[in-house]
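The values are calculated or read from the model by the stated rules, or taken from the named source; none is laboratory data. Quick caveat, the model's predicted, so the values are computed rather than measured. All Cβ positions, even for glycine, are placed from backbone atoms using ideal geometry, and neighbour counts span all protein chains on display. Surface areas here come from the heavy atoms of the whole protein model, side chains and all, with no ligands, DNA or RNA. Shrake-Rupley method; radii C 1.70, N 1.55, O 1.52, S 1.80 Å.
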Amino acid sequence: MSSLHSTQPDTVVASKWWKKFLCKSLPDNTTNSQFTLPHLFRDTQPTRTDYNVFLLDTACNTHPKYRAWCSVESWARQNPNLDVWYLLTSPTADNTDHLLTHLLHHYPNLNLATLDLDKIFQDLPVNKLFNSRRWTRVDTWPVEVLSNMLRASVLWHWGGVYSDTDVISIKPFTIPVNAVGLENKGVVASAFLSFTKNNPVLWALMKDMNTHFEPNKWGCIGPQAVTRVIRSVCKNDTTKLDIPKDGKPQTCNNITIYPSQFFSPIYYKNFKAYISGGGGKNFEKDFSNTFLMHFWNKITKNVVVKAGSGSIYDVAAKKSCPVTYQMATLRANHF
């Protein structure tokens with residue numbers, strides 16, 4: 001479990017150029033409700049190889065939203081055999097509502113740390129893109145681009161699973177490493193990745209990101225990059241990226257490609273199905289082959305989820321992140 005303490009953040013890391021760019025709105029001083037996070041690499045790091053789950057906050061949030069904490073909790077709750085790491089670019093985490101204290105108490109496999117981006121990208125192909133600072137332009141979606149670079153990098157260092165924080169783990173994760181999931185026909189999702197440490201596919205993915213990054217092109221080093229690399233792994237056999245009629249995963253050179261119902265059962269264009277009242281009444285039956293639910297935060301972040309509505313999201317959250325669900329709905333009927 002992370003060792004957290006209420007002290008001032010490290011001034012050396014705080015002075016780095018990327019920290020100044022990402023953390024413009026950080027308070028000047030910490031308060032008693034803010035914990036200083038240990039530094040990944042320097043103070044703490046995964047001790048096991050390939051038994052890790054990594055989630056990221058690259059917007060320098062001191063107080064991530066309840067939906068992000070729900071994702072983090074769901075992984076820790078459903079997978080006590082895995083070490084769950086929530087990695088933040090913020091040097092501190094706010095604990096005003098005591099949610100962080102409760103989560104760390106309930107889940108000994110949960111770890112929090114702040115990132116030193118210079119260290120994480122050192123000697124990796126994406127280091128060139130990172131230090132070019134091209135990704136910091138306002139027309140590049142810098143928070144999302146940074147997340148794309150980081151997900152491949154942390155998996156390269158330690159292996160395991162990467163998950164977006166708009167993904168909820170709804171059952172124990174028994175999918176083997178070296179796996180990806182389809183978002184739709186012909187498109188491999190980037191919200192979930194599972195790879196062994198130092199897997200050559202990750203190296204190829206980082207090289208692709210460095211080569212194909214372009215401002216103004218959403219997803220150019222996200223799903224597009226993952227799809228390009230997996231197509232290459234499959235030697236451009238595009239049939240491997242089709243939705244299989246039998247619903248079974250397909251394999252290319254030891255990489256397993258899972259149909260969309262495993263990780264993204266509802267396509268983003270149909271996102272309203274997640275929040276419709278009563279939509280989760282047959283939850284277990286409807287999602288019997290689903291391990292993860294992707295809730296498409298880019299579209300749904302401002303959409304209210306009513307507690308007790310019986311929507312798919314409501315049922316999934318109540319089941320998989322009960323501590324966060326209770327805290328989020330303590331004084332409100334939505335989150």
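Below 14 Å, Cα to Cα, which aspartates and glutamates can Lys301 reach? Residues fewer than 8 away in the same chain don't count. Within the straight-line limit of under 14 Å, Lys301 reaches these aspartates and glutamates: Asp164, Asp166. Based on Cα contacts under 8 Å between residues 6+ apart, segment 251-295 shows a relative contact order of 54 percent. Positive end of the dipole of the chain (Cβ unit charges, origin at the Cα centre): among Thr62, Val187, Leu100, the Cα lying farthest that way belongs to Val187. Residues within the reach of a label modelled at Arg137 (point 7 angstrom out along Cα to beta-carbon, backbone nitrogen below 19 Å), restricted to segment 143-166, are 143-149. When +1 charges are put on Lys and Arg Cβ atoms and -1 charges on Asp and Glu Cβ atoms, the dipole computed for segment 126-223 relative to its Cα centre reaches about 260 debye. Dividing the convex hull volume of the alpha carbon atoms of segment 181-335 by its residue count gives 139 Å³ per residue.
Entry note, segment 273-318: relative contact order of 64 percent, from Cα contacts under 8 Å with a spacing of 6+ residues. A cut-off under 13 angstrom between Cβ atoms defines the neighbours of Val303, and their net charge, with Lys, Arg +1 and Asp, Glu -1, is +4.
Diffusion coefficient of segment 89-177 by Stokes-Einstein, Kirkwood radius over Cα pairs, 37 °C, 0.692 mPa s: 210 µm²/s. Ignoring solvent entirely, what values of log10 I(q)/I(0) come out of the Debye formula for segment 28-120 at 0.14, 0.17, 0.18, 0.23 Å⁻¹ when each Cα is a single scatterer? Rounded to two decimals, the profile gives -0.48, -0.71, -0.80, -1.32. Annotation: peptides 51-58, 195-202, ranked by per-residue average of other Cβ atoms within 10 Å with the highest first, follow the order 51-58, 195-202. Taking Cβ atoms as reference points and 15 Å as the exclusive limit, the residues near Ile312 contribute a net charge of +4, counting Lys and Arg as +1 and Asp and Glu as -1.
Under 5 Å between amide hydrogens, built in the peptide plane, is the criterion, and for Phe54 it picks out Trp85, Val161, Tyr162, Ser163 among residues at least 5 positions away or on other chains.
Per residue, segment 202-253 exposes 55 Å² of accessible surface when a 1.4 Å probe is rolled over the protein heavy atoms with every protein chain present.
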